[in-house]
Each structure stands twice: as structure tokens, then as C-alpha cells.
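To keep things clear, I will list the structure first and then write my remarks on it.
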Amino acid sequence: MEIHRNKQLWFVTGSQHLYGQEALEKVAVNSKKIVSGLAEADQIPIDIIFKSVATTPEEINQVCLDANYSPECIGLITWMHTFSPAKMWIAGLSILNKPLAHLHTQFNRDIPWDSIDMDYMNLNQSAHGDREFGFIGARIGLPRKIIVGYWQEQRVLDELGNWSRAALAWDDSHHLKIARFGDNMREVAVTEGNKVSAQMTFGYAVNGYGLGDLTAYVNQATDSQVDQLINEYCDLYFVQKELQPGGSRSSDLREAAKIEIGLRAFLEEGDFKAFTTTFENLYGLAQLPGLSAQRLMADGYGFGAEGDWKTAALVRSMKVMAAGLEGGTSFMEDYTYHFEPGNQMVLGAHMLEVCASIADGKPSLEVHPLGIGGKDDPPRLVFNVQARPALNATIIDLGGRFRMLINEVDVVTPSEELPHLPVGRVIWKPLPDLPTAASTWILAGGAHHTCFSQAVHTSHLLDFAEMAGIEVMIIDKNTDMNTFKDHLRWNEMYYHLIA
Ligand code: MN
């Protein structure tokens, strides 16, 4: 999917008038050099604009006000080249409603041992100027990212790049509209939740539509539109012979194409970037929209099955974070275990709706019966996923607040063919091991639906969770059950106290 080209990060350097005009001019020149350096870094996918050297409370307040009101600005990067007395920042930072990254860097990498004098020290005092700035962030209780290191160092650029992707997703989440076709799968608990709380926390709006609203669009699909889409399928996938034009089951694929055309038109017209379906409510549709969900996700749409709007939103946000990165991102479900001693694994899949972006190679497009839903056999893309690291993430509604859970996993190549499992499927070994990963996940209430990604890393999600102010628990190679359980208990107390 396309990266948001019109979004910006604003770079603001803090200083004061104590040093004289000449020093402030140098500060501005050096800041601009840093901004050009950051702007050229491949890791940072959006524009960075140098805004100002802010030297008074009024200037600081104004730049924060401007950032709040700018639809292009998705976050502020601040840096104190010199000392910037931080009472000047109270008014501005108190009203700032965009994410903040505090870049604790220095214009020169090394100490110039032979020439260093007090003038040099006074101009290059980020080491303590940024501490003064840091204090006021802590004093206000401001959520922020702190990145430490030389501004040309790859690790620093990686951290800033990851944070900027989280900021993009955070901005996107505040414009996100989710269309929910039908309600929840009946009696399911974890896919429920408070949509008002979610909108207050993440910014996105979830609204329901009847299936008749969708079928009206599906029925408008023309023969030539369907022909064109079938051609696209034939270009992109290995299409089963029976499904090809003239084949004995070509009408099944034409029906799937009509559903995709209608769904796409509905989502585009309403400016929705995520949607949910439920197999219990497909009135007027001939098939469960499987292929269309697989393809719309590949184009950047969020999706959740069985009415799961929280996962649909998370899939969308992770798609935004992942834009342009190697590896795909998909709606996912922990489906079945392999409990072989010493080789324990999870098979992840869904009935149909696994995103084609995670496919290893060209998927195969096949039609098979579906035992659930009582509709016609749906065509679907069938594929495996490349063996490389990945993660699964979920957000659950605990009643008064939201919790994110992340489990880092290693995808493995299936050693068998799986000839009777015609879906997109992934085999992974969760970290640290399956018993610990599953028991901690279950203890924390993690959903059976997740967003799986080989592009998004834990650091992207941590930054996003920080922006949202939600709890996050990580299950990775260092996780052990007793410590995890203690953290859950402490968090319970912390979130109760700050509520
Ligand atoms: Mn499901």
C-alpha cells in the first residue's frame, strides 16, 4: 500500500537567548543539517520539516498550537542543542496533542580533544540541556519516545523510523472508519467491546450496516467489470482449471468477483479503511466474502472476521506501520496445535480470510466446500508463508481499559504438503516456547484472533501503545510465567490507580 505522502514530522530545536545571536544562528544551521540528514534516511518514510529554534515560552506555545491544528503534522521531534530552561515548555507541552519524540543527540559525534574549550561546550550541551527538557516531560507526565545517540547512527535512525511509522498509524487511526456488516458472531465474548471507549482511546469509528446495504452494491457489478477482475486473478494467481473462464465452475469465481467489486465500491464510497463480516449473517450474498477479504487486506484494508472490529482496526493500523517494509501483515487465528515433544508448533489460518500479502510466492486460487455458514462453495487463495520471524498481536477490551498483547514467533516451513487444507496457512513456533507462550497469552486474556506480521516489529507496537496510553504485555524469548503474572498484577493496580 501507499505510504501517506502528505504527512510531516516537525523538528523543533530548543534554546534560549543567553548565548547571543551568533550562537543561535549556529544552532539553526546545525539543526537544519540534522533535519536534512534525517530526511535522507531510508528508515524514516515521511517528510521531516525544520520548524524553528524556539527560545521563548510564546514561541514554544505557538509551535505546539500549530502542530495541534495542522492536519499534515503527525508528531513533533524535539532536541535541545543548548540549554532551554524547561519552565518555558510547560504551556506548550501541556496542550500538545500530537506524539512527541525527544531526540537526545548531539551535532558532533566525537569530542574534539585537541580543540575543545568552554565556547564549544556551551554550544554543544545537549547532554544536560536535554535532561532539563526531560525533567519537565516527567513532571507533566507526558507520554513520549526518548531516542538517544548520534543522529547518523543506524540504530538511532531505525528507532526514529519505527516511531514515525507508529505516529503514521496513530494519525490514520484518528481518521479510520470501520464498516461492520452484520453484528458479532453470536455468544462470542472477546470480539465484543465498547466502541465508544475504543473511539475515545484510538480515534476510530465503528458503525454497523445491514447486508442489504452491501448486496445493493454487489448487484450493481457489471459483466465487463467482472471480466476485467477475472483477468486480474488469472494474471496474479495460479487459477484452478475449473474456475478459469469456460471452466465447469467459472460461475463461482464470477460470483466472488462480484462480491469483491461491490465490497470495494461500498468501502471506497464511504471512505472506510477497514471492515468486518460474519458468516452467521450473509443474507443476500451467495458466498462468504473470502477472496475479497484476502485481496482487500493486501491493498491495505483492515479486516476482522465474525464482527471483530478491534482486530479489523489493529490490522489496518499495522498495515499503515508496515507500508513499504518487507513482509506481509494479515488477520490471523491460532487454529490447531502440533504437540510433538521438542517440536511444538501452531498452525495459524482462518476459514478463508488470510491476507495474500503474507504468501510465499504466487498463491493458488481454488474453490472448495466450506463446512460453516451454509452458503455456496467459496473460491479462496491457498498458500504457505515464508520461514522468518513474525509476531502476533491483539488488543482486548478489559471493561475499563484496553490491553495489547504481543507474541514474537518464528515461522517454519511446513514439512508436509497439507493437501486437504486449502487455505492460506502459517506454521510457527512461538517464543519462548509453546507452553509458556500459550499459558501467558491465555492468562492475560489474549484473543484467538490476532494480527500477524512479518513486517511490523514489537518496537512499532510499543510506540503505538504508548501513544494510545494502553497497557501492553510482550511474550518473547525472555518471558517466564512467574514474572509475567506479577507484571499483570502490578499493571492491574497501576491502571486502577490512574483511572
Ligand atoms: Mn475466527
√(5λ) per eigenvalue of the Cα gyration tensor, the chain, largest first, Å: 46, 24, 22
Estimated Rh, segment 309-402: Kirkwood, alpha-carbon pairs, angstrom: 15.6
For segment 1-143, the spread of Cα positions along each principal axis, largest first, Å: 51, 34, 26
If the convex hull is drawn through the Cα atoms of segment 274-352, its volume per residue in Å³: 114
Residues Tyr337 and Glu192, FRET efficiency given R0 of 25 Å [Cβ-Cβ distance, rounded to 0.05]: 0.45
Heavy-atom SASA rank of Leu38, Leu418, Leu236 (probe 1.4 Å, accessible area, largest first): Leu236, Leu418, Leu38
Val190, Val29, ranked by accessible area, largest first (probe 1.4 Å): Val29, Val190
Mean projection area, nm², convex hull over Cα of segment 324-372: 5.3
Estimated distance in nm for a label pair at Ala205 and Ala28, the labels positioned 7 Å out from Cα along Cα-to-Cβ: 4.2
Segment 89-213: C-alpha pair distances exceeding 25 Å, %: 51
Partners for Lys477 among aspartates and glutamates (Cα-Cα distance below 12 Å; same-chain residues under 8 apart left out): Glu408, Asp410, Asp433
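Can you give the local net charge around Cys64? Use residues other than it whose beta-carbon is closer than 14 angstrom to its beta-carbon, Lys and Arg +1, Asp and Glu -1.
0
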Leading residue at positive end of dipole, segment 248-312 (Cβ point charges), from Phe279, Ala265, Leu253: Leu253
Probe 1.4 Å, accessible area per residue of the chain, Å²: 44
Relative compactness, segment 141-205, computed as alpha-carbon Rg over 2.2 N^0.38 Å: 1.64
Part-to-part distance (alpha-carbon centres) for segment 377-413 and segment 27-88, which is given in Å: 36
Whole-number percent relative contact order across the chain, with pairs defined as alpha carbons under 8 Å at least 6 apart: 13
Distance between segment 436-499 and segment 278-316 - C-alpha centres, whole angstrom: 25
Solvent-accessible surface (1.4 angstrom probe) belonging to Met185, in square angstrom, nearest 10: 60
Net length gained if the chain between Ile442 and Leu18 were fully extended (0.36 nm per residue, minus Cα distance): 146.9 nm
Burial ranking of peptide ranges 297-308, 320-331 (average Cβ count within 10 Å, highest at the top): 297-308, 320-331
Candidate lysines - alpha carbon under 21 Å from Lys375, same-chain residues fewer than 8 apart omitted: Lys258
Relative contact order for segment 155-208, counting Cα pairs under 8 Å that sit 6 or more residues apart, in percent: 46
Accessible area of Asp117 in the full protein assembly, 1.4 Å probe (Å², nearest 10): 80
Radius of gyration, Dmax [segment 359-438; alpha carbons; angstrom]: 16.3, 45
Relative contact order, percent, segment 35-174 [alpha-carbon distance under 8 Å, six or more residues apart]: 32
Over segment 400-494: Kirkwood hydrodynamic radius from C-alpha pairwise inverse distances, Å: 14.9
In Å², nearest 10: area of Leu288 left accessible to a 1.4 Å probe: 10
Extension gain from Lys177 to Phe135, taking 0.36 nm per residue of separation minus the Cα-Cα distance: 11.4 nm
Gyration tensor (alpha-carbon) shape descriptor, segment 183-311, a/c threshold 1.5: prolate
Rounded percent of accessible protein surface that carbon and sulfur make up, segment 213-329, 1.4 Å probe: 44
Filter on Lys26/Lys98; Lys195/Lys273; Lys195/Lys485; Lys51/Lys87; Lys7/Lys177 - keep pairs with C-alpha separation over 22 Å: Lys26/Lys98; Lys195/Lys485
Tyr494, Tyr283, reordered so the largest accessible area comes first (probe 1.4 Å): Tyr283, Tyr494
For the chain, with +1 on Lys and Arg beta carbons and -1 on Asp and Glu, the positive-most of Ser31, Gly361, Gly14 along the dipole: Gly14
Residue (of Ala138, Asn207, Val156) at the positive-pole extreme of the chain, dipole from beta-carbon charges: Ala138
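The values are calculated or read from the model by the stated rules, or taken from the named source; none is laboratory data. The shown structure was predicted, so the numbers you read here are calculated from the model rather than taken from an experiment. Using ideal geometry, Cβ is built from the backbone for each residue, glycine included, and neighbour counts are taken over all protein chains shown. Note: accessible area is taken over every heavy atom of the protein model, side chains too, but ligands, DNA and RNA are not part of it. Shrake-Rupley method; radii C 1.70, N 1.55, O 1.52, S 1.80 Å.
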